[in-house]
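For reference, the structure is listed below as structure tokens.
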Amino acid sequence: MGFTMFNVFLPKLLETHAPPSPGHSTQIAVYRDSLIYAISGVPGSLLGAWLVDTRLGRIYSMVLATSISGVALIGFAFAAKAHISALTVVASSVFGLTSTLMFAVIYAYTPEVFRPAVRGTACGMASAVGRVVGIVAPLVTGLLLEISTSVPLYVSVALLWMAAGCMFMLPIETRDIAA
């Protein structure tokens, strides 16, 4: 939910906190920054595929990526509030990279923890829950944006760090275990 809360409203957040720049369209800057954010996620999948087979394994790779995602959102919130455009782009790019890394590891890990007899059903149920949360997140974010544009960011951070804590407590590390 924390990822979706940020991702869906990134253009609105960029537009709201864009520094005034004479001669440049805010809309063009928002599109440029959104493109940079999207491109920054591409290496995350590759890095995630590599990290799962390192000493970090699946669980610590997820925890690290999710925790750094939260830190990046805090950086984004402070940079956006201070109207520091370059730092806003860097923070959103770090979030893009680490959140994509996190999802790459989650998609590698999830099927591995279930017995083959229930693997398809379990992964389907996990995916369905994720989709429902993905539907609810923009609604919640819309309500939180009425309070302040910073509130959804901090709620996202809290949710990401809660998820990292839950990931840390996962009992099964699947690295080097045959499915």
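Reported to the nearest whole Å, the Cα centre-to-centre distance from region 25-67 to region 79-93 is 17.
Note on the chain: GNM, Cα springs under 10 Å; of Gly96, Gly124, Gly70, the largest mean-square fluctuation is that of Gly124. Extension gain, Thr54 to Tyr154: 0.36 nm times the residue separation minus the Cα-Cα distance gives 32.9 nm.
In the chain, which helices (entire DSSP H runs) extend 24 Å or more along their own long axis, judged by Cα positions, while averaging at least -0.5 on the Kyte-Doolittle scale? Walk me through the numbers on the way to the answer.
Details: long enough: 57-81 (36 Å, 1.28); 85-112 (41 Å, 1.19); 119-147 (42 Å, 1.33); 151-168 (26 Å, 1.86).
Qualifying helices, which must be both long enough and hydrophobic enough, are 57-81, 85-112, 119-147, 151-168.
Once the convex hull of the alpha carbons of region 23-84 is built, what does its volume come to per residue, in cubic angstrom? Please report the intermediate quantities before stating the final value.
Details: hull volume 5.3 nm³, N = 62.
About 85 Å³ per residue, rounded to a whole number.
How much of the accessible area of the chain, in percent, comes from carbon and sulfur atoms when a 1.4 Å probe is used? Its accessible area is 73 percent carbon and sulfur atoms. Over the chain, consider all pairs of different Cα atoms and compute the Kirkwood hydrodynamic radius from their mean reciprocal separation; express it in Å, one decimal. Mean inverse Cα-Cα distance, inverted, gives 17.1 Å.
From Cα pairs below 8 angstrom and at least 6 apart in sequence, can you work out the relative contact order of region 48-179, rounded to a whole percent? Write out the running numbers ahead of the final one.
Working: 120 pairs, mean separation 54.9, N = 132.
Result for region 48-179 is 42 percent.
The values are calculated or read from the model by the stated rules, or taken from the named source; none is laboratory data. Fair warning: this is a prediction, and the values are worked out from it, not measured in the lab. Keep in mind that these areas ignore ligands, DNA and RNA; they rest on the heavy atoms of the full protein, side chains included. Shrake-Rupley method; radii C 1.70, N 1.55, O 1.52, S 1.80 Å.
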